[in-house]
Every structure is written in structure tokens, then in C-alpha cells.
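Everything on this sheet refers to the single structure shown next.
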Amino acid sequence: MAELVRRQHLNADVGYHAFALQESDDADLPVPFPDGFQRGVFLNAFPGRLDLCSAGHTHTASVTVEAWDGLPPAQDASGWDEQAEADFESSSGEVVVWSMSLGRTEEAFALGSPGSWRVRVSCVGRAEAAALSGGEGTGDGVEKYLAQFWPAKARI
């Protein structure tokens, strides 16, 4: 059974429905954020980058990032608005949040080692984030994300 290695809470400044989890050592990424961002695609993977499309236009999303030593237990899909999985390559072993308006955040999440990873992203609070964007403005922590990383070799 897989074990949780570390967990960290990060805030994501969402602008234009977008933010990304990106490789910390981003100098050599072929497609840095926000190039190629596709609105309407919940999770879109690029080399060293994971784009997330929020239901809200402008707000602060709550992001919990976890590193596991193997495939984490499945999340009950009924408790989430969206879920998706993707591959992620890390040359540094660290991930940072990027936003359209602020760029790179200073706080990094340590995966544990460079290499090939798999990630499952789950999200809840999308209807509330959309309603806030369509009405009175921004929200703080209304939309919540869980990003679970595990070594790609432990897929099975």
C-alpha cells in the first residue's frame, strides 16, 4: 500500500480561468506557461507543466499538493466536480504555481526527486467559483484542488 510522503498547501492566483503547476527549473521548458493554454480543458499536460482551467475567472484557489511513494488510493469521484490524470516530467524535483497575472510563485513543492511522475488532480467548488465570477467578483479558497503525485514507475 502506498504511503503519503509529504503534503503542502499552496494558494493559486487564478486569472482568466487559469493557473499552472510547473517544473521549478523552467529555463528549458519547450512551452512555458501560459503559452498554449486551452480554456475549457480541466487538466492539460505539457512537458514539465500542468495547466488547470478554473471555473472562476479571477480568485484565489486552494491547492493541496501531495507526494506519494506509490499509486495513492483512488479518490471517490462523487466527492469531486472534476478529476483527471496526466504524466509529469521534473528535472529539479520541485513544482511551483504559475498564474497569468503574477507569474511564478516563490513557494515550491518538493516532489522528492527529479524524474517521471504521474499526477491525479481533483477539484471541488467549481459552481461556487463560477457564480462568484459571474456576480460580485472574486473568492478566496472557494475552489479547492488536490494534486497527488507519485513515481510513474509505480503506475500499476
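The values are calculated or read from the model by the stated rules, or taken from the named source; none is laboratory data. All of these numbers come straight from a predicted model, not from anything done at the bench. Cβ: placed from backbone, ideal geometry, glycine included. Neighbour counts: every protein chain shown. Accessible surface areas use protein heavy atoms only, side chains included; no ligands, DNA or RNA. Shrake-Rupley method; radii C 1.70, N 1.55, O 1.52, S 1.80 Å.
Looking only at GluC sites (Glu not before Pro) in DSSP loops with at most 10 other Cβ atoms within 10 Å, what is the longest site-free stretch of the chain? Can you show the working numbers first?
Values: sites that count: GLU3, GLU136.
Counting at most 10 other Cβ atoms within 10 Å as exposed, the longest clean stretch of the chain is 4-135.
Of the options PRO34, GLY93, ALA152, report the single residue whose Cα projects farthest towards the positive end of the charge dipole of the chain (beta-carbon charges: Lys, Arg +1; Asp, Glu -1).
Result: ALA152, furthest along the dipole toward the positive end.
Under a point-charge model restricted to the Cβ atoms of Lys and Arg (+1) and Asp and Glu (-1), what is the dipole moment magnitude of segment 1-83 relative to its Cα centre, in debye to the nearest 20? Before the final figure, lay out each step's value.
Details: 4 positive and 13 negative charges, 40 e Å.
Value, rounded to 20: 200 debye.
I'd like the FRET efficiency for LEU102 and VAL41, computed as 1/(1 + (r/R0)^6) with the beta carbon distance as r and R0 of 25 Å, rounded to 0.05. Write out the running numbers ahead of the final one.
Values: r = 22 Å, r/R0 = 0.86.
Once the sixth-power term is evaluated, E becomes 0.70.
How many nm separate the modelled label positions at ALA84 and ARG7, each set 7 Å beyond the Cα in the direction of the Cβ?
With each label placed 7 Å out from Cα toward Cβ, I get 2.5 nm.
Hey, can you grab everything whose amide H is under 5 Å from the amide H of GLY70? Only 5+ residues off in sequence or another chain; H modelled, so Pro and N-termini drop out.
Answer set, sorted by chain and number: GLU3.
Using the alpha-carbon centroid of each, what span in Å lies between segment 10-59 and segment 88-155?
8
Just name one of HIS59, TRP80, GLY125: the one whose Cα is farthest towards the positive end of the charge dipole of the chain (beta-carbon charges, Lys/Arg +1, Asp/Glu -1).
TRP80
How large is the accessible surface per residue of segment 48-135, computed with a 1.4 Å probe and reported in Å² as a whole number? Don't jump to the answer; show the numbers that get you there.
Working: 3570 Å² over 88 residues.
In whole numbers, segment 48-135 has 41 Å² accessible per residue.
Could you check how much of the accessible area of segment 6-122 is carbon and sulfur, as a whole percent, using a 1.4 Å probe?
47
Above 20 angstrom, tally the Cα pairs of segment 1-112 and express them as a % of all pairs, no decimals. Don't jump to the answer; show the numbers that get you there.
Details: 2485 of 6216 pairs.
Taking all Cα-Cα pairs of segment 1-112, the fraction more than 20 Å apart is 40 percent.
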